[in-house]
Each structure stands twice: as C-alpha cells, then as structure tokens.
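Following: one structure in structure tokens, then a few remarks.
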Amino acid sequence: MIKKLLGATALSVAMASTAIADTVKIGFVGELSGGGAPAGTQYRDGALLAVDEINAAGGILGKQIEVSLYDTQTDPQTSRALVQKAIDEDAYVVWGTVYSSSTIVNMLVAQQNGVPQIVGAEAPNITQKGNPYVFRTAYGAHRGVPALTGYFRDTLKAKNVAVAWVNNEFGKGGHDVFIKEMAKVGINVTADIPSEAGAADFAADVSRIKEANVDAVFVYLHEEESARFLREAKKQNLQPKLVGEVTLTGQKVIDLAGDAANGAVAHVGLTAEANIESIKEFGAKFEKKYGHKTDHNGIKGYVAAYATKYVTEMNGSFDQEKFAQTMHGLTLDVAKYPGMLLTTSWDQDGELSRESFMVEVVDGKQVVTTTVAAN
Amino acid sequence: MEQFFQVLLSGLATGSIYALAAIGFTLIWQAAQTVNFAQGEFVMLPAFFLLAGMHFLGMPFWMALIFGLLLAVFVLGFLFKRVLVDPLLKHGGLSLIIATMALAILMKESVKEFYSAEAQPFPEIVPNGSWDISGVIVSLTDISHLFISAVIVIGLQLFLNRTRTGRCMQATAQNPGVAEILGVNVKRMVLYTFLINGVLAALASFLITPVYLAKFSNGEYLGLIAFIAAIVGGFNQIRGALAGGLLIGVLDNMTATYITAEYRQAVPLLLLIAVILFRPQGLLGTSEGREA
C-alpha cells in the first residue's frame, strides 16, 4: 500500500514537473491602474491576444506561454520592485513598461539580471544608456518628433509655435527634441507650457497659448491629459492647429475627447487605421476579443509577444543573453514573420525602425494622410 | 486684460464646483461633528452611477442623470448615515473619521474593480459653445457651471434660513440637546443633512466629471481641494466653504497663468498653511473653543 502511495506521489511530482517544464514564463509589468492605465491596459490586451494565438499554434519551441501580470499603478518605484519580482519568479522576458518615467527606473533591474525587456516607452534616453537588454516596440521621441518638423515648416508654414508637454521623463524627452528641431528650421517656440502628469484642468494652459498668438501647438501629453487638453481647447475656441506625436490622436484620446479631437494631427508609429492588411486584421481581432478598438499601444503589446516568439525560435533555446544578442541589428520581415504586422528592425541600442504614418482625426476617426518611410 | 477675465471666469467656474464639495464637509461637520474624508470619493461616485444607468441599464442621458442623482442620495446620504455614521458616532468622531478614510479606499477600489482603472468619457450636462465679448471668449460651459452652482448655494441658503425644516436643521447643528427639548426631530434633521450632502456631491460630480473624465481616482484630488477650501473659508460656515472653493479655483488658474504652471498644486497648500497660522477659524468662519 505504502509502495503504491509512494509511486503515485512520485508520478504526480513527475507530471507536475512536466507541466511546469512545458511553459515559459513571461512577466508583464505594466500600467494597469493609475494615470497610465489607458496605455498599459492596451499594451496588455495586445500582448495577451498574441499569447492566445501563439499558444493555440503550439507555443514557443513547444512550450506554452504563461504570462504573469504585475500592475505598477503607474508608479516608477513600484514598477522597479515588480520587475524584480517578475525576474525572481523566473520570467524569461519582461514585457513593459509603457511609461518612460517607469521604464527608465526599472530597466536597470532587468539589465542587472540579464533579462531581456521589451518596452512601450518612448523617451529618447531609454536606448541611450548602453543597456543591452532593453528593446523598443515603438519609435523613441528622437526618431518620431523630427518627422513632424517638415509638417510645421512646409505644410503649416508656422513661424511661431507653442508646446504643451507633460513634465516627466516622457514629456521632457519629446519636448527637448521638439525645441531642437524647431531651432534647426528657424521656428520660434513662443509659449513653452509644462504640466504635471495627471493634470485635470487645462484652462490656464490653453489661455496662455491663446495669448501667445501662435500658428500651431505641439501637444506632448499622455492619453488622458491629451483628451482633457483637447476638450479645453475646444471650450476656449483655440484656433491654431494641434499637432502631436503618437498619443494626441490615439483611439483612447478620441474616445475620451469626443468631437474635440477632430482636426488634431499626429505622427504615429503605429495605427490600426493604416491601410495595411495585417494591421487591419489585427484591429478586427482585437475589437472582436475586447469589444473596443486598439490603439498604438495594443499593437506594441502584440508585436512584443511575437518578437519574443520569433527571436527565441531563431535561437532554438530560451537563452536570455543570446536573445539580447540576436535582437541587436535584427530585421523581422513581415512576409516571413507576420506577427510583426510591419517589417521591423532594431539597431545596436535596441532602438526600433519601421514605416510610420501621419494621421488626422476626422469625424472621430484616425485617417492616415501620409506614410513616412522607415528611418 | 482679456486673458485675465477669461482665466478669472474659468477659475470661478471650477471653484464653484469645489465649493459644492466643500459645503458637504461643512454640512457633515455641523450635523455630526466629524470630517468625512470620503467626500472626494462621494463626488467621484455619482458620475459612475450615471454611466452605469446609461451603459448597463440602457437609459437615455437625462433619465440616467436622475437615476444617478437618486442613487447618490440613497447611497451617499441614507446608507452612509445608517450603515456607517449611526453605529460609529457613539464611539466618538475619531472612529468615524478613520472609518471614512477606509470608506474612501473601498469606494475607489470598488469603482476600479467594477468599472476599470481607465478614464471614461462623460457627457457634458450643459451646452458647449462660447460667446466672444470684446475679445474675451466666454464659455457657455463655464457660465452654466457658475450659474448652476450659484442656484444650488442660494437655494440651500434660502432653504436653511427661510423654511421651518431648514431652521430646525440649523438648530440641530447648533445645539442638538436644546433642539430636541424644543420638539425638533433631531434624528430626522441629521438625516436631511446627509441627504443634502448626497445631492451636492452628485451635482458636483455631474459638473466636474466632463472636465476631469470619469475615473476612480478623481476623488483623491477633489477631496483634498474641497477639504482645503472648507478650512480656508471656515469649516463651520456654508458661506465660508463657498468662498474657499471660489478662492482656490481662481488662485489655481491665476497661478498657472501668471506665475508657474509646474507648482500650481502647491498654492492651495500654501494658502492652507497661511490660514492655519494666521486665521485658524478660516476667512469667514467663527471660532469654536474647546471647553475644559
């Protein structure tokens, strides 16, 4: 009897070990609550959609992906602790965070532990610190903002502009690049208006912009703040063109701002409205699963998951150091790697390159006006 | 000068909404001699009642508005008093203050759990649009907010001063023992105060949420600002809470426009420190001494 019991126990342990061995753990560390929730939850939803597809198709190298979700509450120090927790719980790769102010803090933990991290953050300095384990899923602001310079100079023929930006790592990155770009082409930045993350009342900010009498406004705020800014701009009948980089015309912003978003223009690395079959298909799958539309963050999460699959399968093993080495200088052609949605390259710093788009919000929808070549 | 008037108007409009929440602090203080630290969440929640009416019960906007208002009065007025205040008040104000802090967390986390952590769009209850008056763009929304708040405050003052029930409520606030001897139904008057606080919180919620967007965390800032407004104006006077709300709204916008946008949130706190140091009873409040 005892022998039988021991045998059964041994068998159970063996089976459990097999079950554990048949999964690969991923740590999703993202802004699931707090000010960054609109971005973080989209990133999560995109990633989980990809995970379902990958697992249904057999997983990665025969192992099912097991994602553990960690909510940073949009707090940088919490995000740092959670990246450590994810790594302590054997995460093979960390996905997230989306907010630059969190990423700049927590990426050191992943680096010290030699764990690859695929982030949605866009502040330029994230890939300028020599961290060999950090990789973007979207342009850094230093690549994205310059794409707008020609729009301000040639299309809007602006002489004086204002910049409204969020005073954190993300905002400062975009703001600094914008100031430099405007100086290069001789456009004056006559109103420079920072606001705090989570700011609710933009009446004074919009009023100052009106007083500055500018030709256009560069709005570099997070999603919720962008929506509040757009609503206030409409309320005060602000006339200059509102131009942004990525967030200003995001789907969440359009949902929150309503018709106040109409007419806003932005350069976006990713948009579900792009006239590209793979992205349209993804957008339809996303909407079917979650009941709402994806924005660029949903696409970022999706490609983070597929990049993890493709690179691991290229390596033939779950070797984290090799993963990072392979990613540097890698190009994933969408014809061969359809989960990437667009052909995507990473340079030696983990910076990303691919096609991008100029969009305008018309009747509550993003409309792609121009496609910008990969740089 | 156009900018000054525009910022002044925006500040007054926002400040008038802060005042509605601040008056709630004053009313609860007068009725129960306690501070409701969930007042910010009381302003956050009715917006979600309205959204739930629209999205889950399929109500048209105006019906959802009435539904939200009634539910807020029931939950934030009646239930709050019966379930939390009545059982705890006999143990002293401090227990109740701590309980309201816990309630604030519960309300915030519940909304996050049931309605997600993301901000939700919220319909404007007053018309959009603007008038250009000598270069000053006057927003219809701002004017409407100011008008609605003014009507509510004047109506409340008239109710308290000109009606028998209002005077009974005031007598209860001033001295419940004597009021009871004089035949006032003290328990009922206290209940009315809580119900009125529910109405004020709901109206503040419906006015401020189109600006803030509906989000579980809205109460954190609103509660703090309303609390400061009540202290600055005078915690035991409705007119004090009104003045405090308006002052903070205007000061906040003026600071962001003419001094610094980055440190605007520090201004109400500096004002609070100054008032506590130099006029602890508040700008329009009256001193309340503690008897040995």
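Couple of notes before you dig in:
- Residues that are in a helix (DSSP H, G or I), among the small types (G, A, S) and crowded, with 21+ Cβ neighbours inside 10 Å within the stretch A:76-91 comprise A:S79, A:A86, listed in sequence order.
- Matching residues, the stretch A:234-243, being outside any loop (DSSP other than H, G, I, E, B) and within 12 Å of another protein chain (Cβ to nearest Cβ): A:K234, A:K235
- Cβ pairs under 6 Å, 6+ apart, first in the stretch A:247-265 and more than 13 Å from chain B (Cβ to nearest Cβ) and closer than 12 Å to A:H296 by Cβ, second hydrophobic (A, V, I, L, M, F, W, C) and in a helix (DSSP H, G or I): none
- Considering the conditions (1) within 12 Å of chain B (Cβ to nearest Cβ); (2) touching a residue at least 60 places away in the same chain (Cβ under 8 Å), A:D192 is excluded by exactly one of them, (2).
- Among the candidates B:A256, B:A261, residue that is small (G, A, S), within 12 Å of chain A (Cβ to nearest Cβ), outside any helix (DSSP H, G or I) and farther than 30 Å from B:Y115 by Cα: B:A261
- Condition met for A:G58 (surrounded by 18 or more Cβ atoms within 10 Å (Cβ to Cβ) and out of contact with any helix residue (DSSP H, G or I) (no Cβ under 6 Å at 6 or more places or on another chain)): no
- Scan of the stretch A:307-330 for residues that are surrounded by 14 or more Cβ atoms within 10 Å (Cβ to Cβ) and farther than 21 Å from A:N131 by Cβ, ordered by number: A:K309, A:Y310, A:M314
- Some residue of the stretch B:79-88 being in a helix (DSSP H, G or I) and either of a type in the set (S, T, Y) or within 14 Å of chain A (Cβ to nearest Cβ) (or both): no
- Of the residues making up the stretch A:244-280, those that are within 25 Å of A:V161 (Cβ to Cβ), assigned to a helix (DSSP H, G or I) and hydroxyl-bearing (S, T, Y) are A:T247, A:T249.
- Within the stretch A:197-210, none of the residues are more than 11 Å from chain B (Cβ to nearest Cβ), of a type in the set (A, V, I, L, M) and out of contact with any Ser or Thr (no Cβ under 9 Å at 6 or more places or on another chain).
- Meets criteria (part of a helix (DSSP H, G or I), in contact (Cβ under 8 Å) with a residue 40 or more places away in the chain, touching a Ser or Thr at 6+ places or on another chain (Cβ under 6 Å) and surrounded by 14 or more Cβ atoms within 10 Å (Cβ to Cβ)) for A:A304: yes
- Selection of the stretch A:28-75 for residues being more than 14 Å from chain B (Cβ to nearest Cβ) and either in a loop (DSSP other than H, G, I, E, B) or at pLDDT below 95 (or both) yields A:A57, A:G58, A:G59, A:L61, A:G62.
- Members of the stretch B:214-242 that are away from chain A (no Cβ under 14 Å) and not in a helix (DSSP H, G or I): B:G234, B:F235, B:N236, B:Q237
- From B:G233, B:G249, residue being in contact with a Ser or Thr (Cβ under 7 Å, 6 or more places away or on another chain) and surrounded by 23 or more Cβ atoms within 10 Å (Cβ to Cβ): B:G249
- Exactly one residue out of B:A21, B:A47, B:A31 is assigned to a helix (DSSP H, G or I), touching a helix residue (DSSP H, G or I) at 6+ places or on another chain (Cβ under 9 Å), modelled with pLDDT under 90 and buried (at least 23 other Cβ atoms within 10 Å of the Cβ), and it is B:A31.
- Filtering the stretch A:339-351 for residues that are modelled with pLDDT under 95, out of contact with any strand residue (DSSP E or B) (no Cβ under 6 Å at 6 or more places or on another chain) and among the small types (G, A, S) leaves an empty set.
- Members of the stretch A:247-282 that are within 20 Å of the chain's Cα centre (by Cα) and polar (S, T, N, Q): A:T247, A:T249, A:Q251, A:T271, A:S278
The values are calculated or read from the model by the stated rules, or taken from the named source; none is laboratory data. It should be emphasised that the depicted structure is a prediction, and the values quoted were computed from it without experimental measurement. All Cβ positions, even for glycine, are placed from backbone atoms using ideal geometry, and neighbour counts span all protein chains on display.
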